[in-house]
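Enquirer: My questions will all concern the structure given below.
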Amino acid sequence: MAREDNRRGNRRDRDETPEFADRLVAINRVSKTVKGGKRFGFAALVVVGDQKGRVGFGKGKAKEVPEAIRKATEAAKRGMIRVQLREGRTLHHDMEGRHGAGRVVMRTAPEGTGIIAGGPMRAVFEMLGIKDVVSKSIGSQNPYNMIRATIDGLKKEQSPRSVAQRRGKKVADILPKREDAPDASAQVAEEA
């Protein structure tokens, strides 16, 4: 009895962490035909994130829907990844992710663009905390493959700071020079 109370207490402590938001992406009912009729089970796909650069997904299977969702949420929390965001709102560079027949393309976007993405990909970006991104799913429309391809692409992302550190250079040497800044000599010529 004491052990049961202890487990219940630990579970309560673990579930009270409000820093994670979760999104149910897909629920699937499967049936098994047995001698007496059909037995139904449920599979749930959940995306979890802190909306500050961490995201994970998980799947759970059970005889009841709430139990399947709980299992999926726990699996998602165990398998989280961290993604570096530019200005806390978009990706650092364009990238492509693949998993099986699923292929996704993700592109960085200017401020105010919003999340342009389809169902399962949108859930990943919202839980990650991305505000501006343009993405396209090419290939499989299966939500499991789409999410895995999205996570695969996000794992490939590298911030300029990490690239500079790996190459032993400064961040300014890595980033391209901005062309929109007017040249000082051009301003002097215009004034004359």
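The values are calculated or read from the model by the stated rules, or taken from the named source; none is laboratory data. Since this is a predicted model, take the numbers as computed values, not measurements. All Cβ positions, glycine included, derive from the backbone under ideal geometry; neighbour counts span all protein chains shown. Remember, those area values only see protein heavy atoms, side chains included, never the ligands or the DNA or RNA. Shrake-Rupley method; radii C 1.70, N 1.55, O 1.52, S 1.80 Å.
Enquirer: In a shell of Cβ-Cβ distance under 12 Å around Gly112, excluding Gly112 itself, what net charge do Lys and Arg (+1) and Asp and Glu (-1) give? Before the final figure, lay out each step's value.
Expert: Details: positive: Arg89, Lys131; negative: Glu111, Asp132.
Around Gly112, the surrounding residues sum to 0.
Enquirer: Work out Dmax and Rg for the stretch 27-94 from the C-alpha atoms and quote the Rg first, both in angstrom.
Expert: For the stretch 27-94, the Cα radius of gyration and maximum Cα-Cα distance read 16.9, 59 Å.
Enquirer: Which value in Å is the Kirkwood Rh of the stretch 17-150 over different Cα pairs? Working shown, then result.
Expert: Numbers: mean 1/r = 0.0644 Å⁻¹.
Across the stretch 17-150, the inverse of the average 1/r is 15.5 Å.
Enquirer: Given the protein chains as shown and a 1.4 Å probe, how many square angstrom of Phe57 are accessible, to the nearest 10?
Expert: Accessible surface of Phe57 is approximately 50 Å².
Enquirer: Under a 1.4 Å probe, what is the accessible area of the stretch 40-192 per residue, stated in Å²? Please list the in-between numbers first.
Expert: Working: 8810 Å² over 153 residues.
Accessible area per residue: 58 Å².
Enquirer: Mind grabbing the accessible area of Ser137 for me, 1.4 Å probe, Å², rounded to tens?
Expert: Surface open to solvent at Ser137 totals about 20 Å².
Enquirer: Further question on the same structure: State the answer as a single residue: which of Ala43, Gly53, Gly112 lies farthest towards the positive end of the charge dipole of the stretch 34-124, with beta carbon charges of +1 for Lys and Arg and -1 for Asp and Glu, about the Cα centre.
Expert: Positive-end residue among those listed: Ala43.
Enquirer: Just read off the accessible area of Asp173 with the full protein assembly in place, 1.4 Å probe, to the nearest 10 Å².
Expert: 100 Å²
Enquirer: Using Cα-Cα distances under 8 Å and only pairs 6 or more residues apart, what relative contact order does the stretch 31-97 have, in percent? Don't skip to the end; give the middle numbers.
Expert: Working: 118 pairs, mean separation 17.7, N = 67.
RCO, the stretch 31-97: 26 percent.
Enquirer: Follow-up. Can you pick out the pairs among Lys131/Lys169; Lys136/Lys177; Lys52/Lys131; Lys38/Lys71; Lys35/Lys71; Lys59/Lys155 whose Cα atoms lie more than 21 Å from each other?
Expert: Working: Lys131/Lys169 30 Å; Lys136/Lys177 29 Å; Lys52/Lys131 11 Å; Lys38/Lys71 23 Å; Lys35/Lys71 29 Å; Lys59/Lys155 19 Å.
Table pairs above 21 Å Cα-Cα are Lys131/Lys169; Lys136/Lys177; Lys38/Lys71; Lys35/Lys71.
Enquirer: So which trypsin sites (Lys or Arg not before Pro) in the stretch 63-106 pass both tests, a DSSP loop state and at most 14 other Cβ atoms within 10 Å of the Cβ? Could you put the intermediate results ahead of the total?
Expert: On the way: sites: Lys63, Arg70, Lys71, Lys77, Arg78, Arg82, Arg86, Arg89, Arg98, Arg103; in loops: Lys63, Arg89.
Sparse-neighbourhood loop trypsin sites (Lys or Arg not before Pro): Lys63.
Enquirer: Could you rank Leu45, Leu85, Leu175 by how accessible they are, 1.4 Å probe, largest area first?
Expert: Numbers: Leu45 0, Leu85 35, Leu175 80 Å².
Accessible-area ranking of Leu45, Leu85, Leu175, largest first: Leu175, Leu85, Leu45.
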